[in-house]
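Working notes for the structure below.
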Amino acid sequence: MRRFVIVAICGVAALAAGCGSSSSGPGSATSGASGATTSSPGALSAEAKSTASGDIPDSQVFVTLHGAAFSMQYPEGWAQRSTASGTTLQDKNNLVRVVVRRGTAPSAAQVAQELQRQKQTTPSLQAGAPSSVTVGGTQAVKVSYSTQSAANPVTGKRVLLLVDRYVVPGTGRYAIVDLGTPKGVDNVDAYKMMIGSFRWR
């Protein structure tokens, strides 16, 4: 089993996120419960840099991201994008996004329906069946999906991004956490640790 060095860092800046390609900032998100909307964030999509890049090494140091509403560990050195509405973390074609919404968390069926609606704007999206999991001691919904990037204008390469989406209920709010990695890259252990570290504040 991989072991990780966990380093807590306080005062990480409040954060940002999005949808679509990483070049435009994948979608909108919120690290607090402000600026909430009933819509779900769009599906993640990677830039076409290479077909498989972004292995998180066994020696990776992790730090703690402190949002207004949550905390979560992530690999030290990953780029952070911050807006008033949320958080996106990125390294190579690895993308992690956290969105917090006000209200009652959607059911597993509603999560699946939302991803199906997102196929209208992301035709390459392919989603599996949602399942029930535990995140930070809270019963949550998990669903896996994949999206394909546009072709790189120079190399013509496309990246197939594999994403695990978690919908984590809180008190009067819920979080949508997308953890995406390109096909061919094995970040299962690191991502499992990251979502397992998610805590409401």
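The values are calculated or read from the model by the stated rules, or taken from the named source; none is laboratory data. Keep in mind it's a predicted model, so treat the numbers as computed, not measured. Don't worry about glycine lacking a Cβ; one is built from the backbone with ideal geometry, like all the others, and counts go over all protein chains shown.
Picking from GLN139, GLN113, which residue would you name as being in a helix (DSSP H, G or I) and modelled with pLDDT of 95 or more? Working first, answer last.
Values: GLN139 fails: in a helix (DSSP H, G or I).
Answer to the check: GLN113.
Could you identify the single residue in THR104, THR134, THR155, THR121 that is at pLDDT 95 or above, outside any strand (DSSP E or B) and surrounded by fewer than 17 Cβ atoms within 10 Å (Cβ to Cβ)?
None of the other options fit; the residue is THR104.
Which of (1) surrounded by 13 or more Cβ atoms within 10 Å (Cβ to Cβ); (2) over 18 Å from ILE56 (Cβ atoms); (3) free of Cβ contacts under 8 Å to residues at least 40 places away in the same chain; (4) not hydroxyl-bearing (Ser, Thr, Tyr) is the odd one out, the single condition LEU162 does not satisfy?
(2)
Just give me the residues in the range 52-89 being of a type in the set (Lys, Arg) and either farther than 19 Å from PHE198 by Cα or modelled with pLDDT of 90 or more (or both), in sequence order. Give the derivation first.
Step one: of the range 52-89, the residues of a type in the set (Lys, Arg) are 81.
Result: no residue meets the conditions.
Check SER40 against each of (1) under 16 Å from the mean Cα position of the chain (by Cα); (2) among the polar types (S, T, N, Q); (3) at pLDDT 70 or above and name the one condition it does not meet.
(3)
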